[in-house]
1. Tell me, what is the Rg over Rh of the stretch 282-405, with Rh the Kirkwood radius over Cα pairs?
2. Mean projection of the alpha-carbon convex hull of the stretch 304-375 over all orientations, in nm²?
3. On the protein heavy atoms, probe 1.4 angstrom, tell me the percent of accessible surface of the stretch 166-294 carried by carbon and sulfur.
4. Given the protein chains as shown and a 1.4 Å probe, how many square angstrom of THR65 are accessible, to the nearest 10?
5. Are any of the pairs LYS231/LYS262; LYS189/LYS416; LYS121/LYS416; LYS205/LYS376; LYS340/LYS368 more than 31 Å apart by Cα-Cα distance, and if so, which?
6. Tell me, what is a quarter of the convex hull surface for the C-alpha atoms of the stretch 166-302, in nm² with one decimal?
7. Please work out, to two decimal places, the log10 of the ratio I(q)/I(0) at q = 0.10, 0.11, 0.15, 0.19 Å⁻¹ from a Debye calculation in which every Cα of the stretch 69-156 carries one identical scatterer.
8. Report relative contact order for the stretch 301-406 in percent, whole number only (criteria: Cα-Cα under 8 Å, sequence separation at least 6).
Amino acid sequence: MTKTACSILLLLVAAFHCSTTLAFTTTRSPGFVPVARSKNTCLRAVEVASSPTSSLSNDVDGECTIQILMSDTGGGHRASANALRDALDVLYPGKFHCDIVDLYSEYGPFWPYDDYPRMYKIMAEYSFLWDLFYHFGETPFGLVLNEFLLETFCFDSFKQCLKRPSGSSGKRADMIVSVHPLCQDVPLKILADLDTNGASRDVSKRKTPFATVVTDLGGAHPTWFNPGVDKCYVPSDVLAQCARDRKVKDTQIVQHGLPIRKGFWGGSSDTKATASEQERSQLREELGLDVDRRTVLVVGGGDGMGGIVDIAKSLGDELGKSTDTAYQMVVVCGNNQNAKDSLSKMDFGSGVKVHVQGFVNNMDEWMKASDALVTKAGPGTIAEASICGLPCMLFSYLPGQEEGNVPYVENSGFGKYSGDPEIIAKTVQSWLASEDTMRAMKAAALEASRPSATLDIAQDLAEMVFAEKRKQQVFEETL
């Protein structure tokens, strides 16, 4: 192959994978309907955590191992992987070892495969590039090209990941779980290859359990959904339909909700208003906030993207005009030091106190201490906010990947979207000024929440591992 041909091929690979891995094209179904759920779901987290685990776990000897495949293209994938690991630790203490792997950064054979996190940040900063590339990624040709390129260039290097020893067993993992849209097709073929000692890449020959846990909410890239998996966990009705459109059977689809961080599993979704108010007051004192002021939390994500300075300034100015209601605004700038420095120097009206934070590790506490949230349309943040009963003002989204989250929030009745800082400010102020509006939106948020999702998914995954290991033990006993 000539040098020119190689260069063209590499450019095609880079452009395509910017459109698939980084843009995560949205597949949306018309007539979106919010997820139906039991009114008792908000109490489920505590119930599951304290309930006895499967009797199968008592019949399985030794440590169980799960390898979780992801890539650090955004914070949600690793956060979901960590949440599942934590849930398994809570439900089955000392029983599971979870091997969390950034498949592309650690095992990508060369650029662009081993450089996805850096490329993600560039694409996310320039959304017009994201928008341009993702339209190609969802085409039938794009999907076929994606599978071909990954299998051609990454099969052997990814195989080294899936065959590596996990935990103390010295053997490869008992189960593979994917929390990333590009960790289905090739890993499934690799498992078939490993399970047949190299005789076949036919996914139907696979024996090692494999599950996909979708970490998007209102829309998702088609590569999330592969009919060759054992189970596909989706958080919403619209994604269940997306799975069906990709020929995943109803018997494979499980709808629990999004896996979320441990701090959001219980407590904040308590239906007793007095207990919630007591918790909020205590948290405000601990965080250095005024206990009696209506509080709005403004979050720009871990990287602080999305015009957070202009939004916070407009909102602070609007709240500062108040003469009859006292407000406070907390702005979490993440790693955006320039935004933090700029906001810290600003003067706002006497009607509002402003607290500017950088990167925080206790977002659950800040959310529980707040009355409303202003944020970009990230799926994890929305799911966590609903558990806290927070009305959400969405101000930006990544084309494709997060676009479907806007109708999810609006149709569920606990938020609105606008990219205009002035509209954002006036809308949020009107919410905070109305007891009836706040009460209705809080109820809608709690109705959409799924606080037990992480524990429910983890319990299902464990059951799959126990069943497979028990089957192996019975087989060995018969020899």
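The values are calculated or read from the model by the stated rules, or taken from the named source; none is laboratory data. Note that the structure is predicted; figures quoted are calculated from it, not measured. Surface areas here come from the heavy atoms of the whole protein model, side chains and all, with no ligands, DNA or RNA. Shrake-Rupley method; radii C 1.70, N 1.55, O 1.52, S 1.80 Å.
1. Reported Rg/Rh (Cα atoms, Kirkwood Rh): 0.95.
2. On the way: hull surface 18.3 nm².
Spelled out: convex hull of the Cα atoms, projected over all directions, averaged, 4.6 nm².
3. Values: 2180 of 5010 Å².
Solvent-exposed carbon and sulfur of the stretch 166-294 make up 43 percent of the total.
4. 0 Å²
5. Numbers: LYS231/LYS262 23 Å; LYS189/LYS416 42 Å; LYS121/LYS416 26 Å; LYS205/LYS376 42 Å; LYS340/LYS368 22 Å.
Correct reply: LYS189/LYS416; LYS205/LYS376.
6. Values: hull surface 50.5 nm².
Projected over every direction and averaged, the Cα hull of the stretch 166-302 covers 12.6 nm².
7. The computed values of log10 I(q)/I(0) come out as -0.36, -0.43, -0.74, -1.01.
8. Numbers: 152 pairs, mean separation 25.6, N = 106.
Averaging sequence separation for qualifying contacts and normalising by length gives 24 percent for the stretch 301-406.
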